[in-house]
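Here is the structure we will look at.
The values are calculated or read from the model by the stated rules, or taken from the named source; none is laboratory data. In this text the structure is predicted, and so the values were computed from the model without any measurement. Every residue, glycine as well, gets a Cβ built from its backbone with ideal geometry; the counts of neighbours run over all protein chains shown. Side chains are part of the model used for accessible areas, which takes the heavy atoms of the whole protein and leaves out ligands, DNA and RNA. Shrake-Rupley method; radii C 1.70, N 1.55, O 1.52, S 1.80 Å.
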Amino acid sequence: MSPGSLGCAELWPGHPQGLSLPLASTPGMGNGVQEGSVRLREDAETVLSGAVSSKRDHRQVLSSLLSGALAGALAKTAVAPLDRTKIIFQVSSKRFSAKEAFRLLYFTYLNEGFLSLWRGNSATMVRVIPYAAIQFSAHEEYKRILGRYYGFRGEALPPWPRLLAGALAGTTAASLTYPLDLVRARMAVTPKEMYSNIFHVFIRISREEGLRTLYFGFMPTVLGVIPYAGLSFFTYESLKSLHQEYSGRLQPYPFERMVFGACAGLIGQSASYPLDVVRRRMQTAGVTGHQHGSILSTLRSIVREEGAVRGLYKGLSMNWLKGPIAVGISFTTFDLMQILLRRLQS
């Protein structure tokens, strides 16, 4: 049989699947030409839609990273003086009270100036901008992955996957940015003469205490961030879902987002607070005179010296003030930035 009688075929160069195109056909083979044409059109549409989808995914990731970075920066700067005061109480044996906390703020302002209330905030920004960017972006990606896995693509996740997405996002961000958190804690509890800048902290810790010190307190951080991030994202997403269900509006107003975020911060931080105290104590042991130890030994030391409630929940009332404000600002800023960027892209 000659090639012409069969209709020779040639590969379409550049087609990912090596599609065969009929170049000639004998009478009676019109259906084959039509089928090949249909297949060609379908495959081309698949390739194009895949490219568009990939481009959209990249834009969504960049949008989440930018929105998360701005959200974290605004939230932490707003509550930096309260955060610094809380850390000072967490790492000392002084008894916490609201009166003592505001006295500390006042005398810090008198002795060191107004800007000293934000001491360590530059280190906070270096840490919180990548942390928040990674956490929010990771949360969006985990939601998509879990949504596809459980068959909830494009819809709100059910409770357990929602909780899991938040916990995974927090763990991912904490793992990638932990040394910056330790540096920030050191700068918050030391006089400015001890460390001149962020790089000085890294250099002195490396020389005097060893590189391992940069990861002291990592385990209580991860153990604390699982309930904190999990419950925070879970609470916020759940409240938004309930709001949509009962109000009939697709999007809450900004002040409603602030309230939802405040509730999320209150629940998340209260659940993980004892591990936050242990983490701070371990991070600052080298400059506060405490012994470097394990999670359990640090926990026992705090309970023995200060009591379970007074020691492990020291500064929690300050957290109830700053935490809801920070988390409310953070979630609200992220959502509004996402809406703005989507509108700009469209």
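Structural remarks
- Filter result for LEU211 (of a type in the set (A, V, I, L, M, F, W, C), exposed (fewer than 14 other Cβ atoms within 10 Å of the Cβ) and within 24 Å of LEU275 (Cβ to Cβ)): yes
- Set side by side, the residues PRO130, PRO159 differ, and just one is closer than 19 Å to GLN338 by Cβ and open to solvent by 30 Å² or more (accessible area, probe 1.4 Å), which is PRO130.
- In segment 196-208, the residues that are over 24 Å from the mean Cα position of the chain (by Cα) and crowded, with 16+ Cβ neighbours inside 10 Å: VAL201, ARG204, ILE205
- Test: residue in segment 280-296 that is of a type in the set (D, E, K, R) and within 30 Å of SER206 (Cα to Cα): yes
- Residue satisfying all of: in segment 220-250; buried (at least 22 other Cβ atoms within 10 Å of the Cβ) and of a type in the set (Gly, Ala, Ser); nearest to the chain's Cα centre (by Cα) among these: ALA229
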